[in-house]
Amino acid sequence: MLFPACRVSPRAHRCLSVLKSARKDCLQHFSATRWTSTTVPQITTHYSIHPRDKDKRWEEINMERFAEEADVVIVGAGPAGLSAAIRLKQLAKEHDKEIRVCLVEKASQIGAHTLSGACLEPRALEELLPDWKERGAPLHTTVTEDKFGILTKKSRIPVPILPGLPMVNHGNYIVRLGHFVSWLGEQAEALGVEVYPGYAAAEVLFSEDGSVKGIATNDVGIQKDGAPKATFERGLELHAKVTMFAEGCHGHLAKQLYNKYNLRENCQPQTYGIGLKELWLIDENKWKPGRVEHTVGWPLDRKTYGGSFLYHLNEGEPLVALGFVVGLDYQNPYLSPFKEFQRWKHHPSVQPTLEGGKRIAYGARALNEGGFQSIPKLAFPGGVLIGCSPGFMNVPKIKGLYVPEYEDNLKKSWVWKELYSVRNIRPSCHSVLGTDAKQLKPAKDCTPIEYPKPDGKISFDLLSSVALSGTNHEHDQPPHLTLKDDSVPVNHNLAIYDGPEQRFCPAGVYEYVPVESGEGLRLQINAQNCVHCKTCDIKDPSQNINWVVPEGGGGPAYNGM
């Protein structure tokens, strides 16, 4: 259960005041002696940190895994993974070949972990499935009005959208991407793709020559303390000639591949944003089907990159999708992306649309923002990266819905030309070099941000928001938010940055609570709340958090987000 933030903040601030007045060597001494190896409360019990071959509780457990063979294995049933599966089956048919394509997806249903704005540019879809209209693709809302503005605290400055600019949405469709992905899954299965929702890819398998051999799904039936349950079952191995990784932004398997094959050797570090989204039913008199609105500016300061969207859908009821994006290179550790989103909704140009309406859904996810300069090497022995995993996102368009094309073909395609043409947009707003995790300033150098209390009508608290995401995980399993060192959160993140993870997480997963016996605070991880956005893995200033997959089927249950 979460403790209200106001109950722990004063103690955290008092602790910080003491640290600020201490000399550097005193701080090091304090950090070293506050928690010893025998007094640090154990938080992480996952086998990726505590190997099972050294745990006596696992000595009699049969660890044999069954294996299946396929021609191609795809990890992730988002737009890229499903498009790849469909195209492979199309090519096989064109060449009179039979191939087995298996696709694994960690969500319980196809589309349940999918979240995006989303304005869909149909060019890639028309190349993949030219008869998409006849097939009943859920593209119901054509963009009829495009608006852009700069917000100040009390006003909105309109900015004309000239033809040829990246933000032009003429000819695009406002979609509920989860529904679109579900439809893509149906098209893939009709072509013979084997789609397995509820199976999380937990491990990359390698051949003796160092090439990717396939993946293994996660084990199930493990207690929270890391011990095997009576119901323990080993995961399944899927071997393939080619494995395609379409995990989405900041995939945990892709992270391993970047390191093993040095895929980022010739590109810039990837930068990220966090996108938060809500769906609202509004007063029908305020509903403008087909209208697309984007803004930049307030409530963010000039040093913080971000902006908003507000889309009016046309799906038989007065529905709007609205969201807020904050660049994760922000510097003030007191910033809360969730609270910035809630504050934005009270702007005089936004609030009237929502008044009298009802919020029906909430979610969040990280998104790639590095653009052209941050695209890594895509192919490696036995596999490729596709979609948002390597970072195919057109930042000014806020779009990354492309059919995968590799690798020389990609550089000859319209996708490459488009990414190249907007390559300087995001870097022009990025004033410092390095990864997003390194941008936070110490709390002593920053001013705490006073956010208004939610009114329960336009703005809301975090826990009631997470409840609308349908998020659920099996409680009795090791937390999938793992820590390389359990002592780092208190001794480093809390001491220097006043615990920023309790603010940058959009789901209330991390909180500092009083130690049960004695003085001080400890980090509590509420893994059941996790919406799988990956923000913690990206923004943690100590890079101590490693997000891994929980049991398959856990996570949010988005309905058309």
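To keep it simple, each residue is scored yes or no on (1) of a type in the set (Phe, Trp, Tyr); (2) within 30 Å of ILE49 (Cα to Cα); (3) in contact with a strand residue (DSSP E or B) (Cβ under 7 Å, 6 or more places away or on another chain).
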| residue | (1), (2), (3) |
| --- | --- |
| ILE161 | no, no, yes |
| TRP183 | yes, no, no |
| GLU189 | no, no, yes |
| ILE215 | no, yes, yes |
| ASN218 | no, yes, yes |
>> Out of everything in segment 206-222 that is in a loop (DSSP other than H, G, I, E, B) and within 26 Å of the chain's Cα centre (by Cα), what residue ends up being nearest to LEU103 (Cα to Cα)?
In response: ASN218
>> Looking at segment 493-528 only, could you name the residues that are charged (D, E, K, R) and touching a Phe, Trp or Tyr at 6+ places or on another chain (Cβ under 9 Å)?
In response: ASP498, GLU501, ARG503, GLU511, ARG522
> What residue, among those in segment 546-559 that are of a type outside the set (Gly, Ala, Ser) and open to solvent by 10 Å² or more (accessible area, probe 1.4 Å), is nearest to ASP461 (Cα to Cα)?
Replying inline: TYR558
> Counting just the residues of segment 361-395 that are open to solvent by 20 Å² or more (accessible area, probe 1.4 Å) and over 23 Å from ILE74 (Cβ atoms), which one comes out modelled with the highest pLDDT?
Replying inline: GLN373
> Taking into account only those residues within segment 228-245 that are open to solvent by 10 Å² or more (accessible area, probe 1.4 Å) and assigned to a loop (DSSP other than H, G, I, E, B), which is farthest from ALA379 (Cα to Cα)?
Replying inline: ARG234
> Which residue pairs have Cβ atoms closer than 9 Å, lie 6 or more positions apart in sequence or on different chains, and pair a first residue in segment 537-556 that is aromatic (Phe, Trp, Tyr) with a second residue that is at pLDDT 95 or above and in a strand (DSSP E or B)?
Replying inline: TRP547/LEU481; TRP547/THR482
>> Being within 19 Å of SER349 (Cα to Cα) and either open to solvent by less than 10 Å² (accessible area, probe 1.4 Å) or at pLDDT below 95 (or both) is the filter here; which residues of segment 312-323 pass it?
In response: HIS312, LEU313, LEU319, VAL320, ALA321, LEU322, GLY323
> assigned to a loop (DSSP other than H, G, I, E, B), among the hydroxyl-bearing types (Ser, Thr, Tyr) and in contact with a strand residue (DSSP E or B) (Cβ under 9 Å, 6 or more places away or on another chain), is that true of THR295?
Replying inline: no
> If GLN270 satisfies every condition in (1) surrounded by fewer than 18 Cβ atoms within 10 Å (Cβ to Cβ); (2) in contact with a helix residue (DSSP H, G or I) (Cβ under 8 Å, 6 or more places away or on another chain) but one, which is the exception?
Replying inline: (1)
> Among the numbered criteria (1) within 29 Å of the chain's Cα centre (by Cα); (2) under 26 Å from GLY316 (Cα atoms); (3) open to solvent by 20 Å² or more (accessible area, probe 1.4 Å), which single criterion is violated by LEU129?
Replying inline: (3)
>> Among the numbered criteria (1) touching an Asp or Glu at 6+ places or on another chain (Cβ under 8 Å); (2) within 25 Å of LYS213 (Cβ to Cβ), which one does THR44 miss?
In response: (2)
>> Among the residues of segment 525-536, what is the count of those that are open to solvent by 10 Å² or more (accessible area, probe 1.4 Å), over 18 Å from PRO333 (Cα atoms) and in contact (Cβ under 8 Å) with a residue 60 or more places away in the chain?
In response: 5
> Out of segment 480-521, which residues are open to solvent by 30 Å² or more (accessible area, probe 1.4 Å), more than 25 Å from ARG365 (Cβ to Cβ) and of a type in the set (S, T, N, Q)?
Replying inline: SER517
> Within segment 207-216, how many residues turn out to be open to solvent by 10 Å² or more (accessible area, probe 1.4 Å) and either in contact with a Leu (Cβ under 6 Å, 6 or more places away or on another chain) or free of Cβ contacts under 8 Å to residues at least 12 places away in the same chain (or both)?
Replying inline: 2
>> Every residue in segment 103-140 that is part of a strand (DSSP E or B) and either without any contact (Cβ under 8 Å) to a residue 24 or more places away in the chain or among the charged types (D, E, K, R) (or both), please.
In response: GLU105
> Has segment 22-45 got at least one residue that is modelled with pLDDT of 95 or more, part of a helix (DSSP H, G or I) and open to solvent by 50 Å² or more (accessible area, probe 1.4 Å)?
Replying inline: no
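The values are calculated or read from the model by the stated rules, or taken from the named source; none is laboratory data. Note that the structure is predicted; figures quoted are calculated from it, not measured. Note: ideal-geometry Cβ built from the backbone for every residue, glycine included; neighbour counts use all protein chains shown. To get the accessible areas, we keep the full protein, side chains included, count just its heavy atoms, and leave off ligands, DNA and RNA. Shrake-Rupley method; radii C 1.70, N 1.55, O 1.52, S 1.80 Å.
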